[in-house]
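Please read the structure below before turning to the comments.
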Amino acid sequence: MTALPSSAERPPLPLLDLARLDGAAADRALFLSELRAAIRRFGAFYVTGHGVDPAFIDSVFDLSRGFFALPEQDKLSIEMVNSPHFRGYTRAGWERTRGLADWREQVDVGAERPALPQGPDSPPWVRLQGPNQWPKALPELRPAVLRLQDQLTAVSRRILSTVAVALRLPEDAFDPILTDQPTQLVKLIRYPGHDAVPAADAPADNAGGQGVGPHKDSGLLTLVLQHRQSGLQVETDGGWADVPPVAGTFVVNAGELLELATDGYFRAAVHRVVTPPAGVDRLSTAFFLGAGLDVRVPVLPLPDDLVAEARGPERDPLNPLYSSVGENTLKSRLRSHPDVARRHYADLVDASA
């Protein structure tokens, strides 16, 4: 595999160049083998050759910085608790992972689609689809984030079709899972440093040490665009490995739906973010590509030799996996945002109490 740049704390993740797909047949075959090995072993890897203009990425980070520098009232004008679709701004300490508060502020932007009609027999997950919230104080954010969402969707689809070929399946094997309306989510994220003071009404268990706690993403693939400050870590056999920013790359994480679709041949990456040190903060942008909300994820027909190596999805009683995409997505969102759950999903919160 392509070696990462030398570093005193070089992580174990491989770096894969998508440009090799257009090379000689032998190099393409080697790339596919390396891709399959990277996801099987780590559930994550660096990718380059993705074709997204680095100057555009820098401009998105500048806009992200601009948003987080807005007065509190401007940020709270699009607070997520006002959206039944889990869109908008979340204050530091208000998202939770495994019950503990995450020390980050963020903006969640999904696909721009109208809310779905609801009836007495509609499944609860139909409430997930609906419009985004946009800050009036920063109108240029909307076109930039939606452009980024389109470009990262294209990159993620290309990676997924390549994963299918690496599994010796047709390159369109994931198309029925994605549908023409896949789940798409961009998160603009800022992690304050250790010296930042929580808001007076922040959850009491927020000690500022957990940027985001250990977890798996609920979709198929996640692309993480890192700015300059490190903090991302991936769980490996040897413990937690640092995944520092590498210029020109994205970090790709396998998600729960990829684990389900391959019957555990691939396992979703367990990862976390540690809070930056005092005096600095960390910016990142994450893009999540999942299946259509109305899809029930099938187990793909892998070749017999790969089936023999499939371990089945991981069984975690604290994080059950559902083949129903809408149900799996809603599960994750309700647990992560209890304030939104209480306001807009009280019927489900009460039912599970």
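The values are calculated or read from the model by the stated rules, or taken from the named source; none is laboratory data. For clarity, every value in this text was computed on a predicted model and none was experimentally measured. For neighbour counting, all protein chains shown are included, and Cβ atoms are generated from backbone atoms with ideal geometry for every residue, glycine included.
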* **Single unsatisfied condition, Asp58 versus (1) of a type in the set (D, E, K, R); (2) surrounded by fewer than 14 Cβ atoms within 10 Å (Cβ to Cβ); (3) part of a strand (DSSP E or B)** => (3)
* Test: residue in the stretch 332-340 that is without any contact (Cβ under 8 Å) to a residue 60 or more places away in the chain and not in a helix (DSSP H, G or I) -> no
* Set Val224, Val299: member being among the β-branched types (Val, Ile, Thr), modelled with pLDDT of 90 or more and not in a strand (DSSP E or B) -> Val299
* Asked: Does at least one position in the stretch 305-325 carry a residue that is in a helix (DSSP H, G or I) and at pLDDT below 95?
  -> yes
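On the basis of being farther than 24 Å from Thr162 by Cα and touching a residue at least 60 places away in the same chain (Cβ under 8 Å), does Val243 make the cut?
On the way: farther than 24 Å from Thr162 by Cα: no; touching a residue at least 60 places away in the same chain (Cβ under 8 Å): yes.
Here the answer is no, as Val243 does not meet what is asked.
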* Give me a count of the residues in the stretch 62-84 that are free of Cβ contacts under 8 Å to residues at least 12 places away in the same chain and either under 17 Å from Gly130 (Cβ atoms) or of a type in the set (S, T, N, Q) (or both). => 1
* Structure fact -> Quick count over the stretch 119-159, residues being more than 30 Å from Thr249 (Cα to Cα), part of a helix (DSSP H, G or I) and in contact with a strand residue (DSSP E or B) (Cβ under 9 Å, 6 or more places away or on another chain), is 2
* Asked: Which of the residues spanning the stretch 256-296 are out of contact with any Phe, Trp or Tyr (no Cβ under 9 Å at 6 or more places or on another chain) and among the hydrophobic types (A, V, I, L, M, F, W, C)?
  -> Leu257, Phe266, Ala268, Val270, Ala278, Val280, Ala286, Phe288, Leu289, Val295
* Where residues in the stretch 91-118 are in a loop (DSSP other than H, G, I, E, B) and in contact with a Phe, Trp or Tyr (Cβ under 7 Å, 6 or more places away or on another chain), which of them is modelled with the highest pLDDT? -> Arg104
* Asked: Of all residues in the stretch 246-261 being of a type outside the set (A, V, I, L, M) and touching a Pro at 6+ places or on another chain (Cβ under 9 Å), which is farthest from Ala164 (Cα to Cα)?
  -> Gly248
* To do: Check off (1) closer than 28 Å to Leu141 by Cβ; (2) modelled with pLDDT of 95 or more; (3) assigned to a loop (DSSP other than H, G, I, E, B) for Val251 and give me the number that stays unchecked.
  => (3)
* Asked: Is it the case that some residue within the stretch 261-276 is modelled with pLDDT of 95 or more, surrounded by 21 or more Cβ atoms within 10 Å (Cβ to Cβ), out of contact with any strand residue (DSSP E or B) (no Cβ under 7 Å at 6 or more places or on another chain) and in a helix (DSSP H, G or I)?
  -> yes
